[in-house]
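To start, the structure under review is shown below, and the notes come after it.
The values are calculated or read from the model by the stated rules, or taken from the named source; none is laboratory data. Fair warning: this is a prediction, and the values are worked out from it, not measured in the lab. Cβ placement follows ideal geometry from the backbone for every residue including glycine, while neighbour counts extend to all protein chains displayed.
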Amino acid sequence: MSLDLNLNIGLSTVGSSANHYDVIIIGGGPGGASAAIYTARADLRTLVIDKGLTAGALGITGKISNYPGVPGPVTGAELVEIMRGQAESFGAEFLTDKVVGIDMKAEPKMVMAGTGAFYAKAIILATGSMGRTSSVKGEEELLGRGVSYCATCDGAFFRNKTVAVIGNNDEALEETLFLTKFTEKIHLIVPTPDMKARDVLMAEVSANPKIDIRMGTALKEISGNGTVQAVRVKPRGGAEEELPVSGAFVYLQGGKPITDYLMAQLETKPDGCLMVDAEMQTAVPGIFAIGDLLCSHIKQAVIAAADGVIAAVAADKYINGREKVKQDWK
Amino acid sequence: MSLLKETDQQHLREQFSALDTPVKLVMFTQEMECQYCTETRMISEEVASLSENISVEVYDFVRDQEIAEQYNIDKIPAIAIVRGGKQPKDYGIRLYGIPSGYEFSSLIENIMMVSRGESGLSPETKEWAANLEQPVHLQVFVTPTCPYCPQAVIMAHQLAMESDMITADMVEAIEFPHLSNRYQVQGVPRTVINDDFHMEGAAPEPMLLGKLQEAVA
């Protein structure tokens, strides 16, 4: 049969042991990777789902010299890779994917990601705080009318058209490359002087003749009468320019805790942060949160790592029905 | 040739072993003219072959016009997912377009839900649906490559299960461009409520309930 129907993607494989874990950790930064070291070492079957090495705050940090035990300087990506390697050595699995939803009421708890459904007895949320705090003019009004945050979902609506992609990370570049299958031309608006993405992606984007890359350029407005018709951009030190486009795919980042995939199942404070108890457990038993997701938090990798360890030990206690934590030293 | 891999067939057989009430897939096709009609029928038949509690009835949209009207089917390919057995019931759950890609999971989840007879919605939403006095038609526009879409589709179908006043359609946006154009769909999922209200994205249940309350006020 020539048509690939992709019936296996997103297929809920209840009953399959392959997608069942003791612990699923969402986010593979210092908090998530540290939690994975401890859960995997405690013989808990552990899956870490992460958008990519450079998706989080540490992954895009250039030089670190104050992480205890690692004199450095090392890049954030190098530090995260060391932690991930350590977790993998104890049996933790890492999956590059984006979580789109969680069913906390289900038993076992269900995590829906782009590649399908995964199940776990406990979940540790470690998605950090690079969510956007504000939108640009026109963005909210034109959402679903040309403004999109998902090229794989909406790319087919822009066949043979010109679109803009705004962002500088792995996700923005991957989505840009996906859109080349449909669109005639893509303006890649990079808000920073440098991209914060993997070299292989940057090379692929740079080599594609459909992609017009504009470095150090800010998105000022998305405009249109009912549907997107243009984006207004401003390069650093240059004059504003209006680019006629039919779609605008926005992958900008900010400093807000990333909790959209929780679909309001956990209460957040006005600034979007999550509340936990002393063992990092949220209001839902078996759901833990760590690192920059938390309120009143010092945003340092070592703090997130420590949070991860506390959550891992508490998850072990929760899963095995222990009354007290099991000490890992004598 | 089988559309599903052997491992996926086995997973689904295990999942379907939990079906306690029979489910019927009422599929409408028209082999000569309809894009993806053949594939949609093949998917329906293959899924039905994996459990003795799932059956499939295939009708021609033109020749079987009376039955199409009985199920309010106005476009093809279409699947109505109805409860069978001793107390058959059509909850108003419809899939228009091929349930491939991520939407295959919507088909499977719907089968499980209809057999279970329990939507899983919150008591607040169930109460609102039970007291509904006017018709509500939900159309959830999707693409097969959208991982967020099944959440929106399944929630609409959960609502349809809770009230005879609610009907809910999955509509594959690329297969029905006239509807995508009519409802200005350029992003998915997009839920259209009674033609006049709409919601972007896979919204949490309380948010959708708020929009529904606004739509029927």
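Do you know which residues across segment B:185-217 are without any contact (Cβ under 8 Å) to a residue 24 or more places away in the chain and of a type in the set (D, E, K, R)?
Passing the criteria: B:D196, B:E200, B:K211, B:E214.
What is the one condition in (1) farther than 25 Å from B:P144 by Cβ; (2) buried (at least 18 other Cβ atoms within 10 Å of the Cβ) that B:N194 does not satisfy?
(2)
What is the one condition in (1) surrounded by fewer than 24 Cβ atoms within 10 Å (Cβ to Cβ); (2) of a type outside the set (S, T, N, Q); (3) part of a loop (DSSP other than H, G, I, E, B) that B:M112 does not satisfy?
Only one criterion is unmet by B:M112, namely (3).
What pairs can you find where one residue is in segment A:161-183 and farther than 20 Å from B:I174 by Cβ, the other is surrounded by fewer than 24 Cβ atoms within 10 Å (Cβ to Cβ) and of a type in the set (F, W, Y), and their Cβ atoms are less than 6 Å apart, with a gap of 6+ or different chains?
A:G167/A:Y251; A:E171/A:Y251; A:A172/A:Y251
Residues that are over 30 Å from A:L44 (Cβ atoms) and among the acidic types (D, E): which helices (runs of 4 or more DSSP H) entirely in segment A:120-227 hold 2 or more of them?
Once the helices (runs of 4 or more DSSP H) in segment A:120-227 are filtered for at least 2 residues that are over 30 Å from A:L44 (Cβ atoms) and among the acidic types (D, E), what remains is A:170-179, A:199-207.
Yes or no: segment B:111-128 includes at least one residue that is in contact with a His (Cβ under 8 Å, 6 or more places away or on another chain), in contact (Cβ under 8 Å) with a residue 24 or more places away in the chain and away from chain A (no Cβ under 14 Å).
No: segment B:111-128 contains no residue that is in contact with a His (Cβ under 8 Å, 6 or more places away or on another chain), in contact (Cβ under 8 Å) with a residue 24 or more places away in the chain and away from chain A (no Cβ under 14 Å).
Within segment A:54-78, count every residue that is surrounded by 22 or more Cβ atoms within 10 Å (Cβ to Cβ) and more than 19 Å from A:A289 (Cα to Cα).
Of all residues in segment A:54-78, those surrounded by 22 or more Cβ atoms within 10 Å (Cβ to Cβ) come to A:54-56, A:58-60, A:76.
This time we only want the ones that are more than 19 Å from A:A289 (Cα to Cα), so: A:54, A:59-60, A:76.
The qualifying residues number 4.
Hey, among the residues in segment B:1-55 that are more than 18 Å from the chain's Cα centre (by Cα) and of a type in the set (D, E), which one's nearest to the other protein chains (Cβ to nearest Cβ)?
B:E14
Within segment B:76-106, restricting attention to residues that are touching a helix residue (DSSP H, G or I) at 6+ places or on another chain (Cβ under 8 Å) and among the charged types (D, E, K, R), which residue is modelled with the highest pLDDT?
Per the stated criteria, the residue is B:R83.
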